[in-house]
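Participant: Could you have a look at this structure, given as structure tokens, before my questions?
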Amino acid sequence: MKKRILTGITTTGTPHIGNYLGAIKPALNHAENYDESYYFLADYHAIIKNSDSKEVSDSVKNVALAWLASGLDTNKSYFYRQSDVPEILELSWILNCVTAKGLMNRSHAYKAATEANSSDEDKGITMGLFSYPVLMAADILMFNATHVPVGADQIQHLEMTRDIAARFNHIYKKTFELPEAIIQSKKDTVPGIDGQKMSKSYGNIIPLLSSEKQLKKSIAKIITNSLEPGDPKDPSTCTVFKLYKYFASDELIKEFENDYKEGIGWGDAKNKLFNIVNNEMLPIREKFMSLESDKKLLNDLLYEGSKKVRPIAQQMLASIRDSIGIKNIS
Ligand code: TRP
């Protein structure tokens, strides 16, 4: 059986170093161990929480550029916008019809939203939010992905996908593989400049697609403590050190640890961090600039991506429609 890995990226905001280290880089590295890899921009997921059309379209562009600049090779993988494969939405409806409402009631994301409400528990909750795990199942099952890398918050959705797939297989015929989650460990949470998890909502991000000057500025803002140069410092609780570890070899990490013991000043420590991050960013920045300068290129890549992937979806959907009794007419 072919091993297929599939990664969905909800297009909200502009990617930061936390997304790069926590999602983009691991997903690109994983791809080497699979026969096929699928990366898609989940723009129909984006509209669940965002009705600002400009933000949605800007984000699709920025997220796509970030993945491509970081090394996603469209010749070796499928890269597409969810919205360019309308068959996914058709499958989503079909799956809705085999999904127990009770299963969706138990979704953490939906429960958290209802619990945050006081008198009317359904206030502000759309059917999109409620049934979003079904759309996610359609994203995955459409291509019979065997492996899906997810953060801890998405494990339940993968379990739901397996449930939904098994139910369809049981009612009709064996159609879907039950996908496995590749779970990102919690320990790998990338800290932002204030030491909390890096997140746009905490205002503590280091942008991914930034100039050298911007990068330097962001790193200068990392919160440390008031220990003076010459004072021994503890690397294990230090944001500068934690970030450095993501970019450095074991040997360099050891050296940096030693610098801390010997009382490296914060200015020097941050300089070391800047240099190593910047080194990794150089080719990414260059690729980003070349993608940005050719206005048509991104559009063309996405168009080609949809042309490559749609026939697979069409074939799968035709067989599913046949299974459920909606026969082809011509
Ligand atoms: N819901 C995922 C998230 O918020 C994104 C996503 C959408 C996804 N469809 C997917 C992830 C399918 C994996 C597989 O992170």
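Participant: Residues in the range 62-98 that are among the hydrophobic types (A, V, I, L, M, F, W, C), within 14 Å of the ligand (Cβ to nearest atom) and open to solvent by 20 Å² or more (accessible area, probe 1.4 Å): how many?
Facilitator: 1
To keep it simple, each residue is scored yes or no on (1) in contact with a His (Cβ under 8 Å, 6 or more places away or on another chain); (2) modelled with pLDDT under 95; (3) over 25 Å from Glu177 (Cα atoms); (4) of a type outside the set (A, V, I, L, M).
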| residue | (1), (2), (3), (4) |
| --- | --- |
| Phe40 | no, no, no, yes |
| His45 | no, no, no, yes |
| Trp67 | no, no, yes, yes |
| Ser107 | yes, yes, no, yes |
| Asp120 | no, yes, yes, yes |
| Lys123 | no, yes, yes, yes |
| Ala138 | no, no, no, no |
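Participant: Further, regarding this structure: With respect to the numbered conditions (1) in a loop (DSSP other than H, G, I, E, B); (2) open to solvent by 30 Å² or more (accessible area, probe 1.4 Å), which one is the sole condition not fulfilled by Lys111?
Facilitator: With (1) in a loop (DSSP other than H, G, I, E, B); (2) open to solvent by 30 Å² or more (accessible area, probe 1.4 Å) applied to Lys111, the lone miss is (1).
Participant: With Lys272, Lys308, Lys242 as the choices, which residue is touching a Pro at 6+ places or on another chain (Cβ under 7 Å), of a type in the set (Lys, Arg) and either open to solvent by less than 90 Å² (accessible area, probe 1.4 Å) or not in a helix (DSSP H, G or I) (or both)?
Facilitator: Lys242
Participant: OK, next. If a residue must be in contact with a helix residue (DSSP H, G or I) (Cβ under 6 Å, 6 or more places away or on another chain) and either within 12 Å of the ligand (Cβ to nearest atom) or not in a strand (DSSP E or B) (or both), how many such residues does the range 28-46 contain?
Facilitator: Total satisfying the criteria: 6.
Participant: While we're on this one: Taking the residues in the range 214-224 that are open to solvent by less than 80 Å² (accessible area, probe 1.4 Å) and assigned to a loop (DSSP other than H, G, I, E, B) as candidates, determine which candidate is nearest to Pro191 (Cα to Cα).
Facilitator: Ile222
Participant: Now a separate question. State all residues of the range 283-315 that are touching a Leu at 6+ places or on another chain (Cβ under 9 Å), under 30 Å from Pro86 (Cβ atoms) and without any contact (Cβ under 8 Å) to a residue 60 or more places away in the chain; if no residue qualifies, say none.
Facilitator: Listed by number, the list holds a single entry, Leu297.
Participant: Scan the range 115-128 and tell me whether some residue there is within 13 Å of the ligand (Cβ to nearest atom) and farther than 28 Å from Gln314 by Cβ.
Facilitator: The answer is no, given that none of the residues of the range 115-128 is within 13 Å of the ligand (Cβ to nearest atom) and farther than 28 Å from Gln314 by Cβ.
Participant: Right, here's the next one. Where residues in the range 132-159 are part of a helix (DSSP H, G or I) and either among the basic types (Lys, Arg) or more than 20 Å from Met316 (Cβ to Cβ) (or both), which of them is farthest from the ligand (Cβ to nearest atom)?
Facilitator: Across the range 132-159, the extreme among qualifying residues is Glu159.
Participant: Restricting to the range 316-330, give me the number of residues that are touching a residue at least 60 places away in the same chain (Cβ under 8 Å) and polar (S, T, N, Q).
Facilitator: The total comes to 2.
Participant: Using the structure shown, decide if Gly203 is out of contact with any helix residue (DSSP H, G or I) (no Cβ under 9 Å at 6 or more places or on another chain) and open to solvent by less than 80 Å² (accessible area, probe 1.4 Å).
Facilitator: Yes.
Participant: Now a separate question. If we keep just the residues of the range 160-186 that are open to solvent by 30 Å² or more (accessible area, probe 1.4 Å) and within 13 Å of the ligand (Cβ to nearest atom), which is farthest from Ile320 (Cα to Cα)?
Facilitator: Gln184
The values are calculated or read from the model by the stated rules, or taken from the named source; none is laboratory data. Everything numeric here is computed off the predicted structure, so don't read it as measured data. All Cβ positions, glycine included, derive from the backbone under ideal geometry; neighbour counts span all protein chains shown. We work out accessible area using only protein heavy atoms, side chains counted, and drop any ligands, DNA or RNA first. Shrake-Rupley method; radii C 1.70, N 1.55, O 1.52, S 1.80 Å.
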